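Undergrad: Dumping the structure here so I can ask a few things about it.
The values are calculated or read from the model by the stated rules, or taken from the named source; none is laboratory data. All of these numbers come straight from a predicted model, not from anything done at the bench. Note that each Cβ is placed from the backbone with ideal geometry, even for glycine, and that neighbours are counted across all protein chains shown. The area values use the complete protein model at the heavy-atom level, side chains included, leaving out ligands, DNA and RNA. Shrake-Rupley method; radii C 1.70, N 1.55, O 1.52, S 1.80 Å.
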Amino acid sequence: MLGRKTFLLSTGAIVGSAIAMHGSGAALAANGEGQMQASDVLAALKAGNHRYATDHSTNCNNNFDRRAEVSEAQQPHAIVLGCSDSRVPPEVVFDQRLGDMFTIRIAGNIADAPAIGSIEYAVAHFSSPLLVVLGHQNCGAVKATIEAIEKHQSLPGNIASIVAAIRPAVEPLIGKPGDVLDLAIHANIRAVIQHLKASSTILTDAVKSDKLRIVGGYYRLSDGVVEIPTA
Ligand SMILES: [Zn+2]
């Protein structure tokens with residue numbers, strides 16, 4: 001799918017995009033007039049999440065016209081590393097269209113090598129300027145990690161590899177006052193961002209040259225709001 005030659009040739013390519021109005025809210029569309037800014041993408045995601053959380057989703061990612069529009073090529077403006085949890089599909093909670101988001105989903109929104117490679121591909125190939133590491137309230141993967149640590153248990157099969165990835169961020173919080181699960185979910189988001197920056201020169205270089213901004217997001221199951229730091 002990701003041919004090596006194509007990948008290398010496209011590294012560093014910049015395809016311009018800009019904000020365009022779509023339906024009842026802002027959506028993004030490529031227009032070739034310059035480099036899209038991370039702050040514009042972040043604003044569009046916040047606007048989309050507001051529509052979703054207030055029951056005003058446009059569901060603009062599901063129509064015939066959009067499907068035809070992106071059938072030949074994609075130009076996603078955002079990359080999301082999110083959890084596999086069935087209640088947190090990024091395109092839905094940000095009310096984005098087909099082709100708007102390059103999404104990697106894995107339990108606990110952890111950054112294993114294939115996930116990092118997928119993000120690197122999107123940065124190099126599409127020049128997507130924003131990466132959101134999206135954790136969420138009551139994350140089962142983080143909860144399972146806490147329980148495994150507290151009960152000195154190991155989880156069966158390959159599930160253990162997820163716990164092993166989350167464990168370093170969570171372990172220091174065990175026994176601390178407050179909502180340990182919620183603290184651990186936030187700590188895991190921060191740890192994943194640090195890990196991404198520490199393990200990928202492609203991402204580090206993109207951040208240093210202002211071609212990529214990485215932010216953490218926390219989705220509240222209770223009201224549908226994604227908390228993201230102010231741009
Ligand atoms: Zn989760």
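Undergrad: When the residues of the range 87-97 are narrowed to those that are charged (D, E, K, R) and out of contact with any Phe, Trp or Tyr (no Cβ under 9 Å at 6 or more places or on another chain), which ends up most open to solvent (accessible area, probe 1.4 Å)? Show your work before the answer.
TA: The initial filter retains those residues of the range 87-97 that are charged (D, E, K, R), namely 87, 91, 95, 97.
Keeping just the survivors that are out of contact with any Phe, Trp or Tyr (no Cβ under 9 Å at 6 or more places or on another chain) gives 91, 97.
Details: Glu91: 54, Arg97: 15 Å².
My answer is Glu91.
Undergrad: Separate question: Mind listing just one residue for me: the one in the range 142-170 that is surrounded by fewer than 14 Cβ atoms within 10 Å (Cβ to Cβ) and not small (Gly, Ala, Ser) and, of those, nearest to Ile106 (Cα to Cα)?
TA: Among those that are surrounded by fewer than 14 Cβ atoms within 10 Å (Cβ to Cβ) and not small (Gly, Ala, Ser), it is Asn158.
Undergrad: In the range 208-227, which residues are surrounded by 18 or more Cβ atoms within 10 Å (Cβ to Cβ) and in contact with a Lys or Arg (Cβ under 9 Å, 6 or more places away or on another chain)?
TA: Listed by number, the residues that qualify are Ile214, Gly216, Tyr219, Val226.
Undergrad: Then there's this: Name the residue that is farthest from Val225 (Cα to Cα), counting only residues in the range 105-135 that are crowded, with 21+ Cβ neighbours inside 10 Å and β-branched (Val, Ile, Thr).
TA: Val123
Undergrad: Same structure again: Quick one: is Leu173 buried (at least 22 other Cβ atoms within 10 Å of the Cβ), away from the ligand (no atom under 16 Å from the Cβ) and modelled with pLDDT of 95 or more?
TA: Values: buried (at least 22 other Cβ atoms within 10 Å of the Cβ): no; away from the ligand (no atom under 16 Å from the Cβ): yes; modelled with pLDDT of 95 or more: yes.
In short, no.
Undergrad: Also, I was wondering about something else. As an exercise: evaluate Asp100 against (1) under 30 Å from Arg51 (Cα atoms); (2) open to solvent by 30 Å² or more (accessible area, probe 1.4 Å) and give the number of the one condition it does not meet.
TA: (2)
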